1. VAL92 fails exactly one of the following numbered conditions: (1) closer than 15 Å to GLY9 by Cα; (2) free of Cβ contacts under 8 Å to residues at least 24 places away in the same chain; (3) among the β-branched types (Val, Ile, Thr). What is the number of that condition?
2. Which of the following residues is closer than 26 Å to GLN1 by Cβ and out of contact with any Gly (no Cβ under 7 Å at 6 or more places or on another chain): THR90, THR77, THR57, THR68?
3. Across segment 34-49, which residue is nearest to SER21 (Cα to Cα) among those that are open to solvent by 30 Å² or more (accessible area, probe 1.4 Å) and not aliphatic (A, V, I, L, M)?
4. Return only the number of the condition from (1) on the phi < 0 side of the Ramachandran plot; (2) over 14 Å from the mean Cα position of the chain (by Cα); (3) open to solvent by 30 Å² or more (accessible area, probe 1.4 Å) that GLY16 does not satisfy.
5. Determine the pairs where a residue that is more than 18 Å from GLY26 (Cα to Cα), located within segment 63-82, has a partner that is of a type in the set (Gly, Ala, Ser) and not in a strand (DSSP E or B) with Cβ atoms under 6 Å apart, the partner being 6 or more residues away or on another chain.
6. Going by the conditions given, is SER30 open to solvent by 30 Å² or more (accessible area, probe 1.4 Å), within 16 Å of VAL117 (Cβ to Cβ), over 15 Å from the mean Cα position of the chain (by Cα) and among the polar types (S, T, N, Q)?
Amino acid sequence: QVQLVESGGGLVQAGGSLRLSCAASGSSFSLYNMGWYRQAPGRQRELVASITNIGSTNLADSVKGRFTISRDNAKNTVYLQMNSLKPEDTAVYYCNAEIFDVSGPYYVDYWGQGTHVTVSS
């Protein structure tokens, strides 16, 4: 079982910045594919950014040029740096770990509890 704990959310004015952190348990963090998702009220959860175990990144079109995802395997932590925030970025942000289970073989998803981000206009 992998536990994910997000932090760094809060209230910020439009144009401001926040950095979200997600600390993961387990001794094999460097093997996990990690991602950040968000869910706004009344909307489906959507992928914001992802980073593979070898460091390849992917960003949603809506955040390209503003958000950056990174990881520190020594700290078992993945980050989401959010700049030039807009009111439409308001959502609950969830950390995701995608872990390969060799017994399947298949991938297993783990989720954090989420952290709220509110961007005021």
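The values are calculated or read from the model by the stated rules, or taken from the named source; none is laboratory data. Since we're looking at a predicted model, the values are computed, not measured. Please note: Cβ atoms are built from the backbone with ideal geometry, for glycine as well, and neighbour counts cover all protein chains shown. Areas reflect the complete protein model, heavy atoms only, side chains present, ligands, DNA and RNA absent. Shrake-Rupley method; radii C 1.70, N 1.55, O 1.52, S 1.80 Å.
1. That leaves (2) as the condition not met.
2. Values: THR90 fails: closer than 26 Å to GLN1 by Cβ; THR57 fails: closer than 26 Å to GLN1 by Cβ; THR68 fails: closer than 26 Å to GLN1 by Cβ.
Answer to the selection: THR77.
3. Filtering segment 34-49 down to residues open to solvent by 30 Å² or more (accessible area, probe 1.4 Å) leaves 37, 39, 41-47.
Subsequent filtering for residues that are not aliphatic (A, V, I, L, M) retains 37, 39, 41-46.
Working: TYR37: 13, GLN39: 17, PRO41: 22, GLY42: 25, ARG43: 23, GLN44: 22, ARG45: 19, GLU46: 18 Å.
Among them, the one singled out is TYR37.
4. The number of the failed condition is (3).
5. Once the first residue is more than 18 Å from GLY26 (Cα to Cα) and sits in segment 63-82, its partners that are of a type in the set (Gly, Ala, Ser) and not in a strand (DSSP E or B) give ARG66/SER84.
6. Here the answer is no, as SER30 does not meet what is asked.
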